[in-house]
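The values are calculated or read from the model by the stated rules, or taken from the named source; none is laboratory data. None of the values given here were measured: they were computed from a predicted structure. All Cβ positions, glycine included, derive from the backbone under ideal geometry; neighbour counts span all protein chains shown. The accessibility values were calculated without ligands, DNA or RNA, using every heavy atom of the protein model including side chains. Shrake-Rupley method; radii C 1.70, N 1.55, O 1.52, S 1.80 Å.
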Amino acid sequence: MMKRLAALAILVLSTPVWAETVAITGVRLVDGTGAAPVENAAIVVSDGRIVSVGPDIEIPADARRIDHIGRTVIPGLISAHSHVGQVGGTSMGAKNYTREVISAELAQFARYGVTTVVALGNNGPLFTTLRDEAHAGALEGADLFGVMQGIGVPNGAPPQESLKVAPNQLFRPNTAEEARGAIDKMAAANTDLVKLWLDNFGGLLPVKMKPEIYRAVIEQSHQHGLKVAAHVHDLDDAIAIVDAGADIIAHGIRDKPVPPELIEKMKAKGVWYVPTLALDDATFIWAEAPAWTKTEFVRAGVSPELAAQIDDAAWREKVLKEPRTAAARRSLAMNLQNLKTLYEAGVKIGFGTDSGATPLRVPGVAEHRELALMIEAGLSPAAAVTIATKNAAELIDLDDRGTIQAGKRADFLVLDGDPTEDIRVSERIVEVWTAGRRTAAQSEQAE
């Protein structure tokens with residue numbers, strides 16, 4: 001830890017100081033706490049932090065004023081389940097785990113209003129360097145947190161054939177002792193949390209993680225003070241991993257309705273639920289090609305290689321006929337139902353999309369799709385905004401962001417409209433601010 005702090009201090013000293021005081025005025029404030037919007041508010045920012053915020057605050061005489069009368073400010077979106085360095089165009093694999101690729105992804109996340117990203121596993125040694133640079137503001141784009149390698153299954157999840165991870169990007173322990181050793185190594189590298197892959201990808205893989213392995217992972221992680229996120233699909237696996245002490249269900253339960261018994265356990269233990277609705281949706285939505293997939297806002301985030309693929313009529317026809325497409329539709333429908341049930345029951349809901357895991361899960365685009373799908377599930381737009389900001393920050397124990405309050409990081413979006421009335425306004429981004437620095441929004445890039 002001390003070595004990481006020392007390196008971070010060097011980066012901070014070498015990073016330009018953004019000391020200018022700026023006042024964003026005339027805005028509708030949606031602060032992320034769930035409170036009602038406040039009209040004609042102002043936000044004063046200096047040194048990357050929010051100095052003051054509200055409708056009746058004093059604007060410093062030396063502040064540079066930026067008037068956004070009638071527009072809305074919300075906190076920056078936080079994805080608590082994404083990936084970096086896994087995709088290049090339509091390819092996947094360790095060859096994409098480069099500074100160039102990851103830097104471009106973080107920049108794209110920020111353009112789409114995602115100001116903090118948690119890369120949930122499959123990270124190589126380069127991750128620690130880029131994470132420290134992102135924290136220090138030396139990289140342009142979203143701030144970066146995440147799991148180091150993560151814990152997979154020999155001959156099982158995540159599937160090596162498609163993922164093509166390098167040996168230094170994933171642990172696949174055979175014994176509980178090996179699992180504990182892997183966690184110790186991840187903790188020594190200052191992983192932010194731990195990820196394990198429990199399920200067998202709907203029966204596509206021959207094995208699941210053994211109970212003695214995931215119990216050892218959870219116990220050893222907790223000894224290091226680390227939360228554990230579990231990749232699941234089925235209800236039975238969710239029940240097993242909650243009973244074992246996991247902190248985060250990293251994907252929605254998609255085979256059966258959640259029963260009251262599990263709901264009560266999750267509430268009693270404070271388990272987080274990250275539905276990743278956009279995951280199954282991405283399996284077929286590009287092939288269906290609804291109007292939103294063709295907007296400039298969306299297409300600006302799609303690589304030329306992916307654009308060629310999704311514009312190919314033969315590819316679309318093939319995808320829509322595949323058995324996995326019908327399975328994904330069923331999974332999404334159950335996930336939508338379970339999200340509403342869990343939310344209304346008071347289970348803690350986090351925000352993530354698995355963006356960056358495959359070419360079809362497009363960084364930035366997936367997060368706005370997730371917001372829309374939350375509304376389809378029956379949540380209100382205001383609830384979706386809170387989940388994607390305040391809740392997501394709480395899930396990863398970040399108390400310096402997620403809401404627009406004095407003392408917090410100045411991570412926020414200026415929107416042309418009110419997303420608590422219509423979630424589609426989340427795409428009408430006028431400005432993105434990350435740690436007090438204005439970056440170009442994707443809506444500007446698309447013009």
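A cut-off under 14 angstrom between Cβ atoms defines the neighbours of residue 269, and their net charge, with Lys, Arg +1 and Asp, Glu -1, is 0. The length gained by stretching the chain between residue 288 and residue 160 to full extension, at 0.36 nm per residue less their Cα-Cα distance, is 43.3 nm. Shown for the range 197-303: the carbon plus sulfur share of the solvent-accessible area, taken with all protein chains present and a 1.4 angstrom probe, equals 54%.
Here the Gaussian network model covers the chain, with springs between Cα atoms less than 10 Å apart; of 60, 359, 75, 60 fluctuates the most.
For the residue pairs 95/208; 164/208; 195/321; 185/265, alpha carbon separations beyond 22 Å are given by 95/208; 195/321; 185/265. At an R0 of 22 angstrom, the distance between the Cβ atoms of residue 261 and residue 333 translates into a FRET efficiency of 0.45. In summary, the helical segments of the chain meeting the span-like criteria, namely a full DSSP H run, a Cα extent along the axis of 24 angstrom or more and a mean Kyte-Doolittle hydropathy of at least -1.0, are 323-345.
Can you tally the net charge around residue 234? Count Lys and Arg as +1, Asp and Glu as -1, for every other residue whose Cβ sits under 11 Å from the Cβ of residue 234. Net of charged neighbours comes to -1. Each of residue 104 and residue 21 was given a label point 7 Å from its Cα along the Cα-to-Cβ line. The distance between the two points is 4.2 nm.
Of all DSSP beta bridges confined to the chain, the antiparallel ones make up roughly 45%. Relative contact order of the range 364-417, taken over Cα pairs closer than 8 Å and 6 or more residues apart, is 18 percent.
Applying the Kirkwood pairwise sum to the alpha-carbon positions of the chain produces a hydrodynamic radius of 22.1 angstrom. Using every pair of distinct Cα positions in the range 232-326, the Kirkwood expression returns a hydrodynamic radius of 15.8 angstrom. Is there a quick way to get the dipole size of the range 218-264? I mean about its Cα centre, with the Cβ of Lys and Arg at +1 and of Asp and Glu at -1; what is the value in debye to the nearest 20? The dipole of the range 218-264 has a size of about 200 debye. Computed extension length for residue 303-residue 188: 37.8 nm, one decimal, from 0.36 nm per residue of separation with the Cα-Cα distance subtracted. The rule of thumb for compact globular proteins, 2.2 N^0.38 Å, goes into the C-alpha radius of gyration of the range 115-267 1.05 times. Quick check for you: with a 1.4 Å probe and neighbouring chains kept, what is the accessible area per residue of the chain, in Å²? Dividing the accessible area of the chain by its residue count gives 39 Å².
Amide H contacts of residue 52: 44, each under 5 Å away and 5 or more positions distant or on a separate chain (H built 1.01 Å from N in the peptide plane; Pro and chain starts excluded). Extent along the principal axes, Cα only, for the range 96-193: 42, 29, 19 Å, with the longest axis given first. Between the range 236-292 and the range 357-411, the alpha-carbon centres lie 16 Å apart.
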